[in-house]
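One structure is given here, and the rest of the page talks about it.
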Amino acid sequence: PDKSGSYTRIYPIPGMNATTTDAQGWFLFRGIPEGEYQLSASAGSFRPSSQKITVSATQPLTIEIPLAPLHYITGTVYKPDGAPAAAVPIYATLEWSGSPYQMSFQTDAAGKFQVLFYTPAQHRLLTRVFGVGVACNTFTTKADEDCEQDFHLQPGGIIEGTVKDQLTGQPMAGVQVY
């Protein structure tokens, strides 16, 4: 890839990996055997794009590959006293191409975070600092817009209980509760 991370690829052609676009976005593949292929392009902060193409030995193929920019979920995590929370882990369930994708990242020294998302969808971010607080935001991102989500840590609730054998009513040791 070039300095911006741009490249264009065509699959599956044995022995041919990729070509890089020039300053005008132009690319060229020569000597491609006739047939159907999947042409894909991706660049740094853009959503990858892929399209099915049919190559003919007698008819040159000219196509345009549109790349849509990626967008960001940004925000700040605040402690209960209102101060930014540095180096706080954030656990995310984001939707990527119709499937949930789980990841984690952390805030910077100023309590700020930034994460890319591909598609407008419902996402869930959770942050928990033991002994400080917890916050959870579920929200929907929109197409072609960045999204800001701030977190205000609050003391978390407590759940306690007992697991018992349904038939005997006796407490059960070693049972994982989740």
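Using the Cα gyration tensor of the stretch 19-178, with a ≥ b ≥ c the square roots of its eigenvalues, what is the shape: rounded (a/c below 1.5), prolate (a/b larger than b/c) or oblate (neither)? Since a/c reaches 1.5 but b/c is at least a/b, the shape of the stretch 19-178 is classed as oblate.
Dipole check for the chain: with +1 at the C-beta of Lys and Arg, -1 at the C-beta of Asp and Glu, and the Cα centre as origin, the magnitude is about 240 Debye. With every protein chain kept in place and ligands, DNA and RNA left out, what is the accessible area per residue of the chain? Probe 1.4 Å, answer in Å². For the chain, the solvent-accessible area averages 68 Å² per residue. Each Cα pair under 8 Å and six or more residues apart adds its sequence gap; the mean of these over the residue count of the stretch 68-178 is a relative contact order of 29 percent. Working ranking of peptides 83-94, 147-158 by packing, defined as the average number of other Cβ atoms within 10 Å per residue, highest first, is 83-94, 147-158. Here each label is just a point 7 Å from Cα along the line to Cβ, and for T168 and T119 those points are 5.0 nm apart.
Spin-label model, Q51 to A18: label points 7 Å out along the Cα-to-beta-carbon direction sit 2.0 nm apart. Among beta bridges from DSSP that stay inside the chain, the antiparallel ones total about 90%.
What FRET efficiency, computed as 1/(1 + (r/R0)^6) with R0 = 30 Å and r the Cβ-Cβ distance, is obtained for D146 and A86, rounded to the nearest 0.05?
Details: r = 23 Å, r/R0 = 0.75.
Once the sixth-power term is evaluated, E becomes 0.85.
Annotation for Y101 and I159: the two label points, set 7 Å from Cα along the Cα-Cβ direction, are 2.8 nm apart.
Taking other residues whose beta carbon is less than 14 angstrom from the beta carbon of G131, and scoring Lys, Arg as +1 and Asp, Glu as -1, yields +1. Per atom type, the stretch 106-178 shows carbon and sulfur on 50% of its accessible surface, probed at 1.4 Å.
The values are calculated or read from the model by the stated rules, or taken from the named source; none is laboratory data. As the structure is a computational prediction, the values presented were derived from the model and not from experiment. So basically every Cβ, Gly included, is an ideal-geometry build from the backbone, and we count neighbours across all protein chains shown. We work out accessible area using only protein heavy atoms, side chains counted, and drop any ligands, DNA or RNA first. Shrake-Rupley method; radii C 1.70, N 1.55, O 1.52, S 1.80 Å.
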